[in-house]
1. Return a whole-number percent for the relative contact order of the chain, with Cα pairs under 8 Å and 6 or more residues apart as the contact set.
2. Could you state, as a whole-number percent, how many of the C-alpha pairs of the chain are farther apart than 28 Å?
3. Using 0.36 nm times the number of residues separating residue 137 and residue 265, minus their current alpha carbon distance, what extension gain do you get?
4. What angle, in degrees between 0 and 90 and rounded to the nearest 10, separates the Cα long axis of helix 169-188 from the longest principal axis of the Cα atoms of the chain?
5. Using a Förster radius of 22 Å, what is the FRET efficiency between residue 222 and residue 92 based on their Cβ-Cβ separation? Nearest 0.05, please.
6. What trypsin sites (Lys or Arg not before Pro) does region 264-348 have in DSSP loop regions with at most 10 other beta carbons within 10 Å?
7. Mind checking the full-extension length gain between residue 43 and residue 249? Use 0.36 nm per residue of separation minus the Cα-Cα distance, one decimal, nm.
8. Given the rule -39500 (n - 2.57) for each run of at least 4 DSSP H residues, summed and divided by the residues of the chain, what is its mean residue ellipticity at 222 nm, to the nearest 500 deg cm²/dmol?
Amino acid sequence: MLDLKELAKNYDAWTTRLADRGGGAKISPEFKATFDERRALIIDGEALQAQRNKANEEMKVLAKSNPAALKERSAELKTLGTSIKDKEGRLKEVEEKLEKMMYDLPNVPHASVPTGTSEHDNQTVRTWGEKPHFLFKPKQHFELGEKLGMFDVERAAKVSGARFAFLKGNLARMERALATFMIDEHVKRGYLEILPPYLVNRQSMTATGQLPKFEDDAFKTAGEHELFLIPTAEVPVTNYHYDEILEGAQLPLKYCAFSPCFRAEAGSAGRDTRGYLRMHQFHKVELVKFAKPQDSLEELESLTQDACAILEKLKLHHRVQLLCTGDMGFASQKTYDLEVWLPGAEDGKGLFREISSCSNFSDFQARRAKIRFRQEKGDKPQLVHTLNGSGLAVGRTLVAILENYQREDGSVQIPEALVPYMGGVTELKA
């Protein structure tokens with residue numbers, strides 16, 4: 001959530017930048033009217049307080065020189081006190097209303113984020129590796145999985161409905177191997193592994209920005225005890241430090257977590273209806289950081305590279321995209337997307353698809369979650385900056401391996417880095 005006082009200081013610049021985001025981020029007339037009322041109440045309150053201060057000074061003089069006038073002035077002062085109290089009461093009501101309305105306002109993009117309206121305005125920061133060359137028309141991952149007899153959406157539909165899948169045999173083993181491989185690599189890079197809860201409360205979902213904005217995309221339990229299935233491990237891991245004051249010497253804190261993720265995919269009808277790209281349930285390894293404000297942009301760069309390192313070890317061609325204002329997530333101040341090359345997509349023509357999104361949220365989540373730190377012992381606490389990114393989406397990494405390492409006969413070579421995690425198995429074959 002944005003800081004109301006900082007919004008007041010930077011109103012024109014911030015509201016202009018919010019409008020650049022698109023998607024309903026523009027300040028509503030109701031918000032503007034309420035914000036203007038707050039400003040007027042503050043000005044009026046300060047003027048009344050100045051009058052009261054002046055009256056108090058005058059009364060000190062009248063007490064010695066004019067007792068009759070003192071009585072009259074005392075009545076005026078009492079009226080002033082009532083007016084100030086009324087203004088303060090109304091100001092509290094208005095600020096509480098604004099606070100609620102600000103839950104629907106996204107973060108303000110950083111100055112380094114390019115202005116744009118869609119993914120077509122994103123900027124390519126760097127590209128790694130080369131597209132694989134095939135002497136045959138490459139197949140899509142679900143075609144390969146079905147031919148191998150290891151990918152089954154038809155039976156999953158009987159059990160759960162659309163956007164679910166059964167993985168079998170060595171393909172199921174590969175999903176498990178990928179998650180372990182990713183966690184091991186991130187632990188080597190200084191992240192502390194956490195195995196989080198998969199059900200969280202409303203407070204936790206609100207703190208990280210999923211609620212109230214995206215409640216339609218969440219799965220939740222019925223009955224007396226409301227809990228939400230996590231859409232990402234970002235939610236429980238960020239809330240691990242809910243309402244805590246951290247020591248500056250500890251920062252940055254770096255966590256990695258493997259979890260299933262659950263998303264209703266509201267509004268995605270007709271998109272990626274076949275295959276394993278857009279599921280209601282999928283696995284992901286998440287990277288979460290807590291950093292000092294002055295270090296968070298640098299920490300975003302290193303977090304992004306940590307995610308890229310997995311793709312490099314798997315020798316998967318990919319690129320890093322700096323998202324424009326119109327393509328950013330709700331809570332993000334700055335985001336890089338990692339896009340992996342899928343040669344079987346678009347009927348064998350290939351395209352880049354997102355496999356990780358790495359974001360700096362500044363103090364947007366920390367303000368909601370009340371996560372602070374002290375620079376030195378005895379210092380006044382200040383809000384930390386939170387960051388996270390996929391390191392990586394496990395299912396999409398599996399998809400990328402199937403398509404990039406496929407052979408003409410339908411078998412799939414297993415990347416060298418993953419072979420030890422597959423018990424020495426070097427290929428998938430029917």
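1. 20
2. Result for the distance tail: 57 percent.
3. Gain on stretching residue 137 to residue 265: 43.0 nm.
4. Around 50 degrees separate the two axes.
5. 0.05
6. 271
7. So the extension gain works out to 70.1 nm.
8. -13000 deg cm²/dmol
The values are calculated or read from the model by the stated rules, or taken from the named source; none is laboratory data. Being a predicted model, the structure only gives us computed values, none of them experimental. Cβ atoms come from the backbone with ideal geometry, glycine included; neighbour counts cover every protein chain shown. For the accessible areas, the whole protein counts, side chains as well, though only heavy atoms, and no ligand, DNA or RNA atoms are used. Shrake-Rupley method; radii C 1.70, N 1.55, O 1.52, S 1.80 Å.
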